[in-house]
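The values are calculated or read from the model by the stated rules, or taken from the named source; none is laboratory data. This one's a predicted model, so the numbers in the text were calculated from it and none came from an experiment. Cβ atoms come from the backbone with ideal geometry, glycine included; neighbour counts cover every protein chain shown.
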Amino acid sequence: MLDLKHKVVIIEDNIPLSEGFAEVINTTENFKVVNVYHNCEDAIENLKYDNPDIFLVDIDLPGINGVEGTKQIKKIMPNCSIIMVTVYENSSMVFDALCAGAMGYLTKNVSPEDIVESLNEVVNGGAPMSIKIAKMVVSSFQKQPSKIELSQREKEVLTLLSEGNSYDGIADKLFISKNTIKFHLKNIYIKLQVNSNIEAVQKANKENLL
């Protein structure tokens, strides 16, 4: 008979807790635990053998922690789902793990019903997490700076300017007129949102554009 249950791997160094999770999961109709590990290193080594659909990963682990473990697992198995297990739901490490590719998290005092509910939510495309953590994730994406792109000519003008060249010196080196230089600088000011040559050079250096 074909086994259609979703395969789960637990990575948790608290043995009683990992056994408790496994017991709850193995009583469900849709999920089964295929392996339990006490560190990420062993779990990563056996990824292809276990071939799980879902991971429950403790954040605070010896050796490779849950955040780094999540990154490595997602590189090898990008389509798997990872749920973090943590003591503190508002931990910055939870946030880091979600940014690394985890789908959600469970607190260690979670009820058996919530474990099953979270697993079902993940396989249905959801992301079990608190409102607070969800807002942190959304806010981080909103704060991502827009990618500033300067043309090759604009970079040349700004680089020569940063080296102390005058407009005449830049014009001679690039074989263009002073008016063309001013045109490029106007565009640079707009892109970098600055109002002077000094500000333009400082902003370009800060953004690693030169």
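When residue 4 is evaluated against the numbered criteria (1) of a type outside the set (Lys, Arg); (2) more than 26 Å from residue 130 (Cα to Cα); (3) loosely packed, with under 15 Cβ neighbours inside 10 Å; (4) in contact with an Asp or Glu (Cβ under 8 Å, 6 or more places away or on another chain), which criterion, by number, is the only one it fails?
Going through (1) of a type outside the set (Lys, Arg); (2) more than 26 Å from residue 130 (Cα to Cα); (3) loosely packed, with under 15 Cβ neighbours inside 10 Å; (4) in contact with an Asp or Glu (Cβ under 8 Å, 6 or more places away or on another chain) one by one, residue 4 breaks only (4).
With the requirement that a residue be in contact (Cβ under 8 Å) with a residue 24 or more places away in the chain, acidic (Asp, Glu) and surrounded by fewer than 18 Cβ atoms within 10 Å (Cβ to Cβ), what does segment 11-49 give you?
The answer is 13, 29.
Of the residues 104, 66, 125, which is surrounded by fewer than 14 Cβ atoms within 10 Å (Cβ to Cβ) and either touching a His at 6+ places or on another chain (Cβ under 9 Å) or over 12 Å from residue 9 (Cβ atoms) (or both)?
When all the criteria are applied, what remains is 125.
Inspect all residues belonging to segment 145-154 and state whether any of them is small (Gly, Ala, Ser) and out of contact with any Lys or Arg (no Cβ under 9 Å at 6 or more places or on another chain).
Scanning segment 145-154 turns up at least one residue that is small (Gly, Ala, Ser) and out of contact with any Lys or Arg (no Cβ under 9 Å at 6 or more places or on another chain).
Could you say whether any residue in segment 11-29 is among the aromatic types (Phe, Trp, Tyr), at pLDDT 90 or above and more than 29 Å from residue 136 (Cα to Cα)?
There is no residue in segment 11-29 that is among the aromatic types (Phe, Trp, Tyr), at pLDDT 90 or above and more than 29 Å from residue 136 (Cα to Cα).
Based on this model, can you work out whether residue 36 counts as touching a strand residue (DSSP E or B) at 6+ places or on another chain (Cβ under 9 Å) and in a strand (DSSP E or B)?
Judged against the criteria, residue 36 is a match.
Return yes when residue 88 is farther than 24 Å from residue 28 by Cβ, in contact with a helix residue (DSSP H, G or I) (Cβ under 8 Å, 6 or more places away or on another chain) and modelled with pLDDT under 90 and no when it is not.
So residue 88 passes the test.
Within segment 75-100, track down each residue that is under 15 Å from residue 133 (Cβ atoms), surrounded by 18 or more Cβ atoms within 10 Å (Cβ to Cβ) and not aliphatic (A, V, I, L, M).
Once the filter is applied, which keeps residues that are under 15 Å from residue 133 (Cβ atoms), surrounded by 18 or more Cβ atoms within 10 Å (Cβ to Cβ) and not aliphatic (A, V, I, L, M), segment 75-100 yields 86, 95, 96.
Give segment 53-68 a look and list any residue that's assigned to a helix (DSSP H, G or I) and aliphatic (A, V, I, L, M), or say none.
Within segment 53-68, 67 is the sole residue that qualifies.
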